[in-house]
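Values in this text are rule-based calculations from the coordinates and carry no lab data. These figures come from a predicted structure and were not determined experimentally. Cβ placement follows ideal geometry from the backbone for every residue including glycine, while neighbour counts extend to all protein chains displayed.
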Amino acid sequence: MFFDEFKSWQKDLTHYSFEQVSQGDVERALGHEHLDFMDFLALLSPAAKLYLEPMAQKAHRLTLQNFGKSILLFTPLYLANFCSNQCVYCSYNIKNKILRRKLSLAEVEVEGKAIAEKGLQHLLLLTGESRQASSPEYIADCTRVLRPYFASLGIEVYPLETQEYRELYAAGIDTLTIYQEVYDEDMYASVHLAGPKRIHRYRLEAPERACEAGFSGVTIGALLGLGEWRKEAFFTGLHASYLQKTYPDVEIAVSAPRMRPHAGSYKPQYPITDAELVQILLAYRLFMPRGGITLSTRESAPMRDALLPLGITKLSAGSLTSVGGYAESTETGSAQFEVSDERSVEEVVAMLRSKGYQPVFCDWVNLRDTRDRRGA
C-alpha cells in the first residue's frame with residue numbers, strides 16, 4: 001500500500017532541507033532521461049528557480065512527444081453540496097451557513113442535456129462529502145441518467161470502499177478525482193476539525209481502491225496553500241508514481257489546485273506565487289513524462305493560457321461550482337469556491353485553436369456501454 005511508502009518518505013524528509021540542493025544537482029536532474037526521486041526533489045528546490053526556462057523547454061518537448069498538441073476538455077457538475085465535515089478551507093463546511101441543494105434525478109438530466117449541447121463529452125460529477133445526502137446509490141442513479149449523453153463520466157466525491165467503486169463502475173463511472181488536500185498528517189489534522197474526512201489514511205488509499213475496482217483513470221493532488229508546497233508537491237508526485245507502477249493500465253494524472261476565496265475566514269498558510277506554481281507543474285512533467293496534468297478554472301484566463309505549453313493535457317471549461325446552474329430552469333445552491341476563469345466553452349475552444357492546440361471533446365468511447373449515446 002502507498003501508505004507504507006509515504007510513511008517512510010515522511011520520516012526521511014523530516015530532517016531534509018531543500019536548501020541543501022545545489023545548482024549542480026539541478027543540472028544533473030535536467031540531464032537525466034528518467035528522473036529518480038532525488039532528481040524530483042532537486043527540481044522542487046530553491047536552486048531550481050534559476051532553471052525554470054530550461055525546465056520549461058524540456059517540459060514542452062516531453063509533452064509534445066507524449067501528447068501532441070491535444071487538450072482534453074471537461075466540465076464539472078455539482079450534484080449536491082451537503083457535507084458532514086468541518087474543513088476550515090471549504091465553503092461546504094458543515095458549520096457554514098450556505099444554501100444547501102441536491103439535484104433531483106429529473107434536474108440531473110436537464111443539467112446533463114444542457115452541458116452535452118455545448119459539445120462536451122467528459123463530465124465530472126461532484127458532491128459534498130455526506131453519505132446521508134449523497135449516497136453511493138444516489139450517485140449511481142445520477143450516473144445512469146447521464147450515461148446516454150456522455151462518452152465518459154468521472155466522480156469527485158468522498159472516499160468509498162472498493163465494492164462501492166465497483167458498483168459505480170458498473171453504473172457507468174470511468175474515472176476518479178480525489179485530492180488528499182494536504183499530505184502532512186499534522187497539518188491534515190489541524191484543518192479537518194470534525195467528520196469522517198479526519199481519517200488521513202482512509203482518504204490516502206482511496207485511489208488504490210478505485211484502481212482495484214477497474215476505474216480507467218485517477219487524478220490526485222494537494223490543495224496548494226495548506227501545507228509547505230515543496231513537500232506537498234513531492235508527495236503528490238510520489239503518490240502518482242506509485243500508482244503508475246502498481247496499476248500500469250490506469251491513466252494517472254495530477255492537478256495543482258491553488259486555494260480560492262470561499263465561504264469562511266481561513267487564509268492559506270503557505271500562499272503559492274505564480275512562479276512557484278510554474279515550478280511545480282514543470283517538476284511534475286519532467287518527473288512523469290506520460291502523466292496527465294489537469295488545470296482547472298481556479299486559475300485566471302491569462303494564467304491558464306500562459307501555462308498551456310508547460311505540460312497541461314486537460315482543461316475544465318465553462319465551469320460552475322454551484323449545484324446545478326447550467327440549465328436556466330434549475331435552482332442553484334451555494335458555490336464551493338469562486339471560479340477565476342469564467343470563459344465559456346466556445347471561448348476556451350477559440351483560445352486553444354488560436355494557439356495551435358486541438359481541443360478534444362471525446363478521446364475515447366466507453367465500450368462497456370452498448371446503449372445508443374447522443375452524438376456517438
> Once Lys and Arg get +1 and Asp and Glu get -1 on their Cβ, which of A114, G227, A48 lies farthest toward the positive end of the dipole of the chain?
Replying inline: A114
> When ranked by the protection proxy of mean other Cβ atoms within 10 Å per residue, highest first, what sequence do the peptides 268-280, 171-183 form?
Replying inline: 171-183, 268-280
> Along the charge dipole of segment 1-103, Cβ charges K/R +1 and D/E -1, which of L64, L30, N81 sits furthest on the positive end?
Replying inline: N81
>> For K97, give me every one of the lysines with a C-alpha distance below 21 angstrom, ignoring sequence neighbours fewer than eight places off in its own chain.
In response: K197, K267
>> With a cap of 11 neighbouring Cβ atoms within 10 Å, and only residues DSSP puts in a loop, list the GluC sites (Glu not before Pro) found in segment 1-67.
In response: E33
>> Could you work out the relative contact order of segment 52-360? I mean the mean sequence separation of Cα pairs under 8 Å and 6+ apart, divided by the number of residues, in percent.
In response: 25 percent
>> Can you compute the charge dipole magnitude of segment 25-170 about its Cα centre, using +1 on each Lys and Arg Cβ and -1 on each Asp and Glu Cβ, nothing else charged? Give it in debye, rounded to the nearest 20.
In response: 500 debye
> What percent does the relative contact order of segment 42-190 come to when contacts are Cα pairs within less than 8 Å and at least six residues apart?
Replying inline: 20 percent
> Can you sort F234, F2 so the residue with the fewest Cβ neighbours within 10 Å comes first?
Replying inline: F2, F234
> Counting DSSP beta bridges in the chain, what percent are antiparallel, to the nearest 5?
Replying inline: 5 percent
>> In the chain, once you exclude exposed trypsin sites (Lys or Arg not before Pro) (DSSP loop, at most 10 other Cβ within 10 angstrom), what's the longest stretch remaining?
In response: 98-370
> Sorting C142, C87, C362 on the 10 Å Cβ count, fewest up front, what's the list?
Replying inline: C362, C87, C142
> In deg cm²/dmol, rounded to 500, what helix-only [θ] at 222 nm does the chain give when every DSSP H run of at least 4 residues adds -39500 (n - 2.57) and the total is split over its residues?
Replying inline: -11500 deg cm²/dmol
>> Quick query: amide H of L176 versus all other amide H atoms, modeled in the peptide plane; which residues come in under 5 Å with a sequence gap of 5 or more or a different chain?
In response: I155, G217, V218, T219
> Given +1 on the Cβ of Lys and Arg, -1 on the Cβ of Asp and Glu, and no further charges, what dipole in debye does segment 52-360 carry about its Cα centre, rounded to the nearest 20?
Replying inline: 400 debye
>> Rounding to the nearest 10 and keeping the result within 0 to 90°, find how far the Cα-based axis of helix 52-67 lies from the longest principal axis of the chain.
In response: 50 degrees
> For L308, what charge total do you get from the other residues with a beta carbon under 14 Å from its beta carbon, if Lys and Arg give +1 and Asp and Glu give -1?
Replying inline: +4
> In terms of modelled amide H atoms, which long-range or inter-chain residues lie less than 5 Å from the amide H of V323?
Replying inline: G333, S334
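Please give me the summed charge of the neighbours of R131: other residues whose Cβ is under 12 Å from its Cβ, Lys and Arg +1, Asp and Glu -1. Numbers along the way, then the final one.
Numbers: positive: K197; negative: E129, E137, E161, E164.
Taking every Cβ under 12 Å from that of R131, the sum is -3.
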> Where a Cα-Cα gap under 23 Å defines reach, which lysines qualify for K49, not counting those fewer than 8 residues away within the same chain?
Replying inline: K58, K231
> Which one of V349, G325, A283 has its Cα pushed farthest toward the positive end of the charge dipole of segment 52-360, where Lys and Arg give +1 and Asp and Glu give -1 at the Cβ?
Replying inline: A283
> By a straight-distance test (C-alpha under 19 Å), which lysines pair with K113 as possible cross-link partners, with residues fewer than eight away in the same chain excluded?
Replying inline: K102
>> Taking the Cα centre as origin and putting +1 on Lys and Arg beta-carbons and -1 on Asp and Glu beta-carbons, what dipole magnitude results for segment 182-235, to the nearest 20 debye?
In response: 140 debye
>> Suppose each label sits 7 Å from its Cα in the direction of the beta carbon; what would the Q65-A350 distance come out to in nanometres?
In response: 3.6 nm
> Helix 136-146 versus the longest principal axis of the chain: what is the Cα-based angle in degrees, 0 to 90, to the nearest 10?
Replying inline: 80 degrees
>> With angles folded into 0 to 90 degrees, how steeply does helix 162-171 sit against the dominant principal axis of the chain? Use alpha carbons for both and round to 10.
In response: 50 degrees
>> Please compute the length gained on full extension between S8 and L52, using 0.36 nm multiplied by the number of residues separating them and subtracting their Cα-Cα distance.
In response: 12.9 nm
